[in-house]
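What follows draws every value from the coordinates through simple rules; no lab data is involved. This structure is a prediction, so every number in the text was calculated from the model and none was measured. Cβ: placed from backbone, ideal geometry, glycine included. Neighbour counts: every protein chain shown.
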């Protein structure tokens, strides 16, 4: 085991981002006795949950000179997990903005985050409208210190300061990933990424193809179907002969993946169908992207694998003074952020001890070897299981027996696949909700003793 930091040592910590991850990181760091500064480029808390009708000038978001929009929320978006799975355990997502639905709108989630920031007085440590330009190891001071260079966007004032530690909470829903579509360079139609989708009306009378099988493709295809002439969803995981009209729709089909596109505007699918198309929308996810971070090669992003990271949080060469919150995907996000924050705060104070750098690297290499042996591509490195939350809770000394959360998450997934139009509004497993609030009471007692 690595030697511990001085017990209950206080550090001056920079947190990058005031979204759902950054807010709970600030709370947990302050609870552990650290001083915190949060950098947020927007005017308010909420991160990706702040809706704006603005979109980027480049609909594919590949132009490096574009003005970046830091939200991917569309007007009709509702959570794809029930509110009991969405909230922090110590601050449940109860009804706040007048939206009582179990799967609330993005506005309800934003109101929740705003209330969280007020409840724990986090806004007092946030520097709003301040963009982090560069985070790099500080030459002076040593001992893992970091120089943070930032710009106050309104005043155009550039500042730099040295911090003991940096926690990166900048999210990963800004830099889109795009599908490789043969022939696309000469295809005459409009291409865009779902990052720049807001409302369905602009697609009236058009034929639209969406690429992807994730939640955004499911939601947006149905949103658009009420206005478009035809909507076709192409998924990589669909069988090569897939061609299915979706129940309840006269103009919505599920296809296999696109085979290629042509100069006359047509799109060939692997199922043999050919369609004249006006718009191709990539609902293909996002890249992990940290343009401000300089680590001299200690942290890289290769095929969407951020690494090497011990348990998706600490780069061994720079631990514990650099850490990441929110990298894992396919999770109950806010609860994950809460546990990762508790772990980081405890490690920095010396209350929790990390393994040696060598042992952390050994663990990472073993994990990578397991993924490779199972044929799992690098880009899926950060897909986690519920055991990860259990492990984090054990490190923090918290009781993690939230079987209800796992059941609720899995039940939602099954119902979403079977009933994509109605799963949000036909919830029947109310016993899981009751168990959620019982576990909340138990957790509060064990974590704050």
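Nearest 5 percent is fine: what portion of the DSSP beta bridges confined to region 139-277 is antiparallel?
Looking only at bridges with both residues in region 139-277, the antiparallel portion is about 65 percent.
Compute the separation of the alpha-carbon centres of region 317-381 and region 2-81 and state it in Å as a whole number.
Result: 19 Å between the Cα centres.
Using only the alpha-carbon atoms, how far is helix 403-418 inclined from the longest principal axis of the chain? Give it as 0 to 90 degrees, nearest 10.
That works out to roughly 20 degrees.
Please list 28-36, 364-372, 65-73 highest first by mean number of surrounding beta-carbon atoms within 10 Å per residue.
So the order, starting with the most tightly packed, is 28-36, 65-73, 364-372.
Give the span of region 20-97's Cα atoms along each principal axis, as three whole-Å numbers ordered largest to smallest.
Extents along the principal axes, in whole Å: 43, 32, 19.
Restricting to DSSP H runs of at least four residues, report the calculated mean residue ellipticity at 222 nm for the chain, -39500 (n - 2.57) per run over all residues, nearest 500 deg cm²/dmol.
-8500 deg cm²/dmol
Please compute the contact order of the chain in relative form: average sequence separation of alpha-carbon pairs under 8 Å and at least six residues apart, divided by the residue count, as a percent.
With pairs under 8 Å counted, the relative contact order is 19 percent.
Is the C-alpha gyration tensor of region 50-201 telling us rounded, prolate or oblate? Criteria: a/c under 1.5 is rounded; beyond that, a/b larger than b/c is prolate, otherwise oblate.
Working: a/c = 2.13, a/b = 1.11, b/c = 1.92.
The shape class here is oblate.
Can you tell me the order of 180-192, 38-50 when each peptide is scored by its average per-residue count of other Cβ atoms within 10 angstrom, highest first?
Ranking, from highest mean packing down: 38-50, 180-192.
Provide the packing ranking of 383-390, 153-160, i.e. peptides ordered by the mean count of other C-beta atoms within 10 Å per residue, highest first.
In decreasing order of mean packing, 383-390, 153-160 become 383-390, 153-160.
Treating the angle as unsigned and between 0 and 90°, give the value, to the nearest 10°, between the Cα long axis of helix 215-225 and the longest Cα principal axis of the chain.
Between the helix axis and the principal axis of the chain, the angle is about 40 degrees.
Calculate how large, on average over all directions, the projected area of the Cα convex hull of region 157-201 is; give the answer in nm² to one decimal.
Averaged projected hull area, Cα only: 7.3 nm².
Just need log10 I(q)/I(0) for region 239-370 at q = 0.11, 0.12, 0.18 Å⁻¹, Debye formula, equal scatterers on the alpha-carbon atoms, no solvent, rounded to two decimals.
Result of the Debye calculation: -0.64, -0.69, -0.99.
How tilted is helix 386-396 with respect to the longest principal axis of the chain? Cα atoms for both, answer in degrees (0 to 90, nearest 10).
Roughly 20 degrees between the two axes.
Once you have a ≥ b ≥ c as the square roots of the Cα gyration tensor eigenvalues for region 178-282, tell me rounded if a/c is under 1.5, and otherwise prolate or oblate according to whether a/b is larger than b/c.
Because its axes are fairly even, with a/c under 1.5, region 178-282 counts as rounded.
Assuming a ≥ b ≥ c are the square roots of the Cα gyration tensor eigenvalues, decide whether the chain counts as rounded (a/c under 1.5), prolate (otherwise, with a/b larger than b/c) or oblate.
Note, shape of the chain comes out prolate.
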